[in-house]
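Structure first, then comments.
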Amino acid sequence: MKRSIGKRIVLLFSITLVLTILASAALGFSSAYSAELEQNRAVGRSAAYITSEILDLINLDLIMDPQNDLAYDLARMQLRTVCRSLSLMYLYVYTVDGDEVRHYVMTAASDDELDEVVREGLGLGTVSREPLHEQERVALAGGESDSRFLVNNRYGKTSVWTTPYFSEDGTVAALIGTDVSVEVSNDAIVKQFLVRVLPVTAFLIIAFLVLYYLLRRRLIRPLHAVAARMEQFDPSTKNEPLSIRSQDEIQQIADAFEKMSGDIRTYIRNIETITAQQQYARAQLDVARRIQYGMVPASFHDRRDGLDVCGLMRPAKEVGGDFYDCFLRPDGQYCALIADVSGKGIAGALFMALTKNLVRERIMHCEDPADALNSVNDDLCAQNPEGMFVTLFAMLIDPQTGVVRCANAGHNPPVLLKRGSAAYMKPKPGIALGLFPDADIETETMTLAPGEGVLLYTDGVTEAVNTEKTFYGTERLLMLLQTLDRTDSRAAVTAVEESVDAFFAGCEQFDDITVVAVYAAGADGRTALPLTLDAFGPVRQRILSECEGSANAKKIVLACEEAFVNIVQYANATEADYRVRREGDLLTVELRDNGARFDPLSEPLKQDDDFFSMDEGGLGIRFIRSIASDAKWNYTDGRNVLTLVFRL
């Protein structure tokens with residue numbers, strides 16, 4: 001709801017005007033009242049003084065003598081003359097005895113009718129026993145009171161002033177009372193009030209109207225014009241300047257609005273230009289991101305005979321500087337490498353692309369990984385105008401023997417993974433590629449036993465920061481990897497990613513996160529299995545990963561688990577291993593154990609067996625054979641070999 005400033009000003013001025021008029025009226029009334037009171041006091045004293053002179057001249061005792069009517073009438077006539085000349089309602093003389101009883105001597109009134117009434121009612125010898133007022137007691141004591149008292153009786157409503165009359169010996173012989181009509185006094189007060197207040201009120205009203213006119217013309221109307229221009233403001237249209245020439249704050253507001261309008265139009269044009277540029281840059285970054293993901297996939301998983309490899313790369317910006325690469329060389333050696341470029345964004349992505357292509361090309365043709373990295377370092381130092389560099393760890397693995405040859409160019413130390421344990425490797429640190437010629441990076445050799453692996457990572461993992469400004473750290477990473485109970489590369493990479501995400505939840509990712517895990521499965525791709533019921537977990541994960549998208553995945557897992565449970569419970573074996581291979585839509589699962597020679601497929605599959613006629617184990621074998629497309633058993637080198645083939 002809009003509120004008008006003009007109405008507010010009118011309301012404020014009206015309230016101020018009313019309060020001012022009321023204050024002026026109160027002050028005027030008080031002044032008129034005080035003036036009338038002082039006037040009455042002066043009249044009362046004058047009347048008392050004249051009355052005292054009359055009493056002295058005629059003699060009070062003669063006046064009070066009932067036999068001397070002439071003196072009484074003469075004195076009363078003169079009192080009435082005084083009463084009329086001073087506009088008094090009554091003028092009277094009375095004495096007070098020791099019992100505070102009034103004894104009236106004479107009373108005169110200015111009005112003829114009232115004079116006849118008081119002549120009879122308050123004449124010589126009239127007694128009044130009404131209690132004395134305080135002012136009368138002061139007068140009896142010889143003092144003069146500056147106050148009055150009000151009387152309201154059958155003779156009218158009057159204000160009374162009492163003055164003592166002294167005899168020749170200085171004692172109070174009588175009291176002189178002068179009564180002024182309250183109605184007359186009030187009329188006088190009203191007249192004085194109007195005379196005092198009406199001009200002031202008229203002046204205030206006129207001043208208010210003039211001031212409001214000026215405010216409306218100089219303030220309200222210009223503000224309305226500025227407000228209307230603001231409401232109608234269209235940045236795409238340039239309006240004529242406001243015609244305000246007041247040379248004051250209103251004109252400053254109008255000029256400021258005109259300047260702001262121009263600034264807004266310029267700002268909007270700049271924003272539109274910047275937005276177009278940002279959209280173009282965003283489109284270019286999106287293209288760069290897609291190109292980078294084509295070179296370095298966000299996720300990668302490769303299982304082949306003897307190896308299980310998984311990779312993850314998540315840039316902090318649209319494009320990042322981290323990268324990894326996993327590929328098979330023509331000689332059967334498998335290469336896994338990870339790298340972290342010093343820059344981020346487009347610059348880091350370009351340097352990453354250059355480095356990745358150089359490293360892959362060199363490793364493809366160099367027998368030794370250190371020779372490949374030294375060659376790449378020389379090339380980068382020769383064509384690196386921005387002085388960027390990259391840390392890199394590369395490893396060549398023989399899938400059949402598990403022999404690993406690795407070279408480190410200033411990268412974080414990898415983690416050696418075993419079931420239930422993990423430890424940091426201590427390769428020679430080397431120096432980052434692109435910093436100095438002749439890096440002298442060296443090759444180191446190690447062997448991975450079946451079920452062992454290596455985890456590679458960038459500092460985006462260990463240097464992730466949470467809300468408490470704490471780093472994720474190498475110790476936290478090691479403790480996480482020590483809790484892994486599966487020799488599965490995807491499980492290791494997923495565990496690291498989820499742990500880091502949970503650690504810095506609520507914070508921005510400041511650095512690229514890249515992780516690569518490589519597990520050795522041993523010769524012919526076989527992986528050892530503990531002979532416990534819960535050891536089937538890695539086999540289940542491997543089968544599910546190979547069966548992605550297949551409707552038969554759960555049935556295949558149940559069939560293989562049934563076969564493994566039979567080995568654990570009935571074979572009396574001390575060793576077991578497995579191998580999983582996929583060729584097209586066929587999945588082959590091979591289970592071996594060194595238990596007693598036993599062919600679970602020796603009994604023919606009967607079509608009329610019912611559920612309750614099967615002996616223990618018969619139902620499981622029948623289920624396995626019903627799911628598998630082909631099932632074979634043989635006994636080789638002292639081991640039972642069960643081969644199950646499933647169609648996906």
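Just report the Cα centroid separation between the stretch 154-208 and the stretch 616-648, whole Å.
Going from one Cα centre to the other spans 133 Å.
Taking the Cα centre of the stretch 305-405 as origin, sum charge times position over the Cβ atoms of Lys and Arg (+1) and Asp and Glu (-1), and report the length of that vector in debye to the nearest 20.
For the stretch 305-405, the charge dipole is close to 360 debye.
Among 447-458, 347-358, 192-203, 539-550, how do they line up from the highest to the lowest mean number of other beta-carbon atoms within 10 Å?
Taking the mean over residues of other Cβ atoms within 10 Å, the ranking is 447-458, 347-358, 539-550, 192-203.
Using a simple charge model, +1 on the beta-carbon of Lys and Arg, -1 on the beta-carbon of Asp and Glu, nothing else, what dipole does the stretch 299-526 show about its Cα centre, in debye to the nearest 20?
Dipole size: approximately 460 debye.
Could you sort 264-276, 104-116, 508-520, 564-576 so that the peptide with the highest average Cβ count within 10 Å comes first and the rest follow in order?
508-520, 104-116, 564-576, 264-276
With each pseudo-label sitting 7 Å past Cα toward Cβ, what's the Ala256-Arg154 distance in nm, one decimal?
The two pseudo-label positions are separated by 8.1 nm.
Let me make sure I get this right: for the stretch 324-366, a, b and c are the square roots of the gyration tensor eigenvalues over alpha carbons, sorted descending. Under 1.5 in a/c it's rounded, otherwise prolate if a/b > b/c, else oblate. Which is it?
Taking the square roots of the gyration eigenvalues as a ≥ b ≥ c, the stretch 324-366 is prolate.
What does the highest-first list of 403-411, 633-641, 620-628 look like by mean Cβ count within 10 Å?
Peptide ranking by packing, descending: 403-411, 620-628, 633-641.
Set the Förster radius R0 to 25 Å, insert the Cβ-Cβ distance between Val184 and Glu120 as r into 1/(1 + (r/R0)^6), and round the FRET efficiency to 0.05.
With R0 = 25 Å, the Cβ-Cβ based efficiency is 0.55.
The stretch 147-184: which trypsin sites (Lys or Arg not before Pro) are DSSP loop and have at most 10 other beta-carbon atoms within 10 angstrom?
Sites meeting the loop and neighbour criteria: Arg154.
In square nanometres and to one decimal, what's the mean projected area of the convex hull around the Cα atoms of the chain?
Its average projected convex-hull area is 68.9 nm².
Subtract the Cα-Cα distance of Lys554 and Thr467 from 0.36 nm times their separation in residues, and report this length gain in nm to one decimal.
27.2 nm
Which value in nm describes the separation of the simple spin-label points at Arg419 and Asp438, placed 7 Å from the Cα toward the beta carbon?
That separation, rounded to one decimal, is 5.0 nm.
Which of the residue pairs Lys317/Lys469; Lys356/Lys428; Lys356/Lys554 have a Cα-Cα distance greater than 30 Å in the structure shown?
Listed pairs above 30 Å: Lys356/Lys554.
Pull out a ≥ b ≥ c, the square roots of the eigenvalues of the alpha-carbon gyration tensor of the stretch 28-189, then state rounded if a/c is under 1.5, prolate if not and a/b is larger than b/c, and oblate in the remaining case.
Prolate, since a/c reaches 1.5 and a/b exceeds b/c.
Pulled fully out, how much extra length does the chain show between Asp97 and Ile15, if you take 0.36 nm times their separation in residues and subtract their Cα-Cα distance?
23.6 nm
Relative contact order of the chain: what whole-number percent is it, with Cα pairs under 8 angstrom and at least 6 residues apart?
8
Between 0 and 90 degrees, rounded to the nearest ten: what's the tilt of helix 221-231 against the longest Cα principal axis of the chain?
Around 20 degrees separate the two axes.
Could you size up the charge dipole of the chain around its Cα centre, putting +1 on the beta carbon of Lys and Arg and -1 on that of Asp and Glu, and report it in debye to the nearest 20?
2080
Grab the DSSP H runs of the chain that are 4 residues or longer, score each as -39,500 (n - 2.57), total them, divide by all residues and round the 222 nm result to the nearest 500 deg cm²/dmol.
Calculated mean residue ellipticity at 222 nm is -15000 deg cm²/dmol.
Fully extended, how many nm does the chain gain between Arg8 and Thr275 (0.36 nm per residue separation, minus their Cα-Cα distance)?
Stretched out fully, the Arg8 to Thr275 stretch lengthens by 91.7 nm.
Once R0 is set to 30 Å, what does the formula 1/(1 + (r/R0)^6) return for the Cβ-Cβ distance between Asp169 and Val43, expressed as a FRET efficiency to the nearest 0.05?
About 0.55, to the nearest 0.05.
Estimate the FRET efficiency between Leu215 and Arg137 by the formula 1/(1 + (r/R0)^6), using the beta-carbon distance for r and 60 Å for R0, to the nearest 0.05.
Approximately 0.45, to the nearest 0.05.
Given axes a ≥ b ≥ c from the Cα gyration tensor, I'd like to know whether the stretch 299-526 is rounded (a/c under 1.5), prolate (a/b larger than b/c) or oblate.
The shape class here is oblate.
Angle check, please: helix 249-295 long axis (alpha carbons) against the longest principal axis of the chain (alpha carbons), in degrees 0 to 90, nearest 10.
With both axes taken from Cα atoms, the answer is about 10 degrees.
Could you give the nm distance between label points at Asn68 and Phe29, where each point is 7 Å from its Cα heading toward the beta carbon?
That separation, rounded to one decimal, is 5.1 nm.
Give me the angle, in degrees from 0 to 90, between the Cα long axis of helix 618-627 and the longest principal axis of the Cα atoms of the chain, rounded to the nearest 10.
90
Using +1 at the Cβ of each Lys and Arg and -1 at the Cβ of each Asp and Glu in the stretch 28-189, identify which of Val127, Asn152, Ala71 lies farthest towards the dipole's positive end.
Asn152
Quick note: the coordinates plus some simple rules give every number you see, no bench work behind them. Since the structure is predicted, the reported quantities are computational estimates derived from the model, not experimental observations. Methodologically, a virtual Cβ is constructed for each residue, glycine included, from the backbone with ideal geometry; neighbour enumeration extends over all protein chains shown.
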